[in-house]
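To start, the structure itself, in structure tokens.
The values are calculated or read from the model by the stated rules, or taken from the named source; none is laboratory data. None of the values given here were measured: they were computed from a predicted structure. For neighbour counting, all protein chains shown are included, and Cβ atoms are generated from backbone atoms with ideal geometry for every residue, glycine included. Note: accessible area is taken over every heavy atom of the protein model, side chains too, but ligands, DNA and RNA are not part of it. Shrake-Rupley method; radii C 1.70, N 1.55, O 1.52, S 1.80 Å.
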Amino acid sequence: MKYLVMVLGSQADYEAMSGNPSEGSPTWGEKDMREMFAFMEGVNNDLAESGEMVEAHGLGEPARTRAVLPGPDGRPVVTDGPYGETKEQLAGYWVLDCESLERVTEIAARIGLCPQPEGAPVYPVVIRPIMDDSC
């Protein structure tokens, strides 16, 4: 079964990683960034070695997001991010091919242990099954 495993973040988190902290999102120092990237590289390498990795990517900051909705006249209405009404945004994802929900839950729990600065917000790691043609 394939699963989408998602990590969340906010615009404030991306800014803190760039050296611009705010309340609830402390500055990420160079050491913090190195530890985070090393941790994620280890996760990715293990998933590639086990054959469970299909795809994984980090995403650009929410400020670079765009939402497109149909307008009343059928023409698109485009809104650029970040969106004040939504604090958490998708920050990165993995598409994994795992034998069970229990296995992908183990992986998500490991991802949730990614190092970060003291006081940084903790977000859930979200798992969604990817539906195939047989479902």
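Largest first, how would Cys114, Cys98 line up by accessible area (1.4 Å probe)?
Working: Cys114 25, Cys98 5 Å².
Largest accessible area first, the list is Cys114, Cys98.
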Taking a probe of 1.4 Å, how large is the accessible area per residue of the chain, in Å²? 65
Accessible area in the full protein assembly, largest first, 1.4 Å probe, for Lys31, Lys87: Lys87, Lys31
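With a 1.4 Å probe and all protein chains in place, put Asp80, Asp13 in order of accessible area, largest first. Don't skip to the end; give the middle numbers.
On the way: Asp80 90, Asp13 20 Å².
Ranked list, largest accessible area first: Asp80, Asp13.
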Project the alpha carbons of the chain onto their principal axes and report the range along each, largest first, in whole Å. 47, 45, 18
Is there a quick way to get the dipole size of region 1-46? I mean about its Cα centre, with the Cβ of Lys and Arg at +1 and of Asp and Glu at -1; what is the value in debye to the nearest 20? 160
Compute, for the chain, the length of the dipole vector about the Cα centre, with Cβ point charges of +1 (Lys, Arg) and -1 (Asp, Glu) only. Units Debye, rounded to 20. 320
With a bin width of 5 angstrom, please list the P(r) values of region 42-102 as percents of all Cα-Cα pairs, from the 0 bin to the one holding the largest distance. 4, 14, 16, 14, 13, 12, 12, 8, 4, 2, 0
Contact order relative to length of the chain, as percent, for alpha carbon pairs under 8 angstrom and 6 or more apart: 44
Rounded to whole angstrom, the alpha-carbon centroid of region 109-135 lies from that of region 33-99 at a distance of 11
